[in-house]
Amino acid sequence: MTQPPDDFLRFLEEQRRDYRIGLPQKLDEMERLTALIGRDPTVDLAGLERLAHSMAGSGGTFGYEDLGNAAKALEMSVQRLKDSGAGATAEQAEEVRRALAELKTRLPSA
């Protein structure tokens with residue numbers, strides 16, 4: 001099997017670095033939305049779910065499988081909350097907060 005050209009490998013590493021650099025901004029938005037759960041009935045749960053879904057897919061793509069798995073768990077927690085149709089219970093809000101806290105432990109170092 002042949003090795004990919006050096007310039008392609010550099011390109012991939014740049015993409016991975018750019019992804020890693022952008023993670024704190026995405027996390028900030030996830031934290032902002034999560035903080036509103038249970039306090040603001042108009043919180044954008046679909047937006048939070050979309051952010052988590054995107055990170056779940058992209059994490060694995062860029063070699064951060066643990067991050068992707070934690071983001072998937074957050075996505076599923078938010079989806080359960082959305083599907084309940086009512087305002088968030090304290091237990092549901094806590095489940096989302098725990099999932100986000102776990103995701104934060106999986107962030108790659110910059």
Quiz prompt | Subset of segment 1-43 [of a type in the set (Asp, Glu), free of Cβ contacts under 8 Å to residues at least 40 places away in the same chain and part of a helix (DSSP H, G or I)] | solution = 6, 7, 13, 14, 18, 28, 29
Quiz item: Can you name the residue in segment 66-110 that is within 23 Å of residue 19 (Cα to Cα) and among the charged types (D, E, K, R) and is also surrounded by the fewest Cβ atoms within 10 Å (Cβ to Cβ) among such residues?
Solution: 104
Quiz item: Is it the case that segment 57-68 has a residue that's assigned to a loop (DSSP other than H, G, I, E, B) and either hydroxyl-bearing (Ser, Thr, Tyr) or in contact with a Leu (Cβ under 6 Å, 6 or more places away or on another chain) (or both)?
Solution: yes
Quiz item: Hey, residue 39 hits all of (1) surrounded by 14 or more Cβ atoms within 10 Å (Cβ to Cβ); (2) among the basic types (Lys, Arg); (3) more than 17 Å from residue 106 (Cα to Cα) but one; which does it fall short on?
Solution: (1)
Self-check item: Residues (within 15 Å of residue 95 (Cα to Cα) and in contact with a Gly (Cβ under 8 Å, 6 or more places away or on another chain)) located in segment 33-49
Solution: 33, 38
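Readers should treat all values here as calculations from the given coordinates under stated rules, not as data from a laboratory. Just so it is clear, the structure is predicted and the values come from calculations on it, not from any experiment. Every residue, glycine among them, receives a Cβ derived from its backbone with ideal geometry; neighbour counts consider all protein chains shown.
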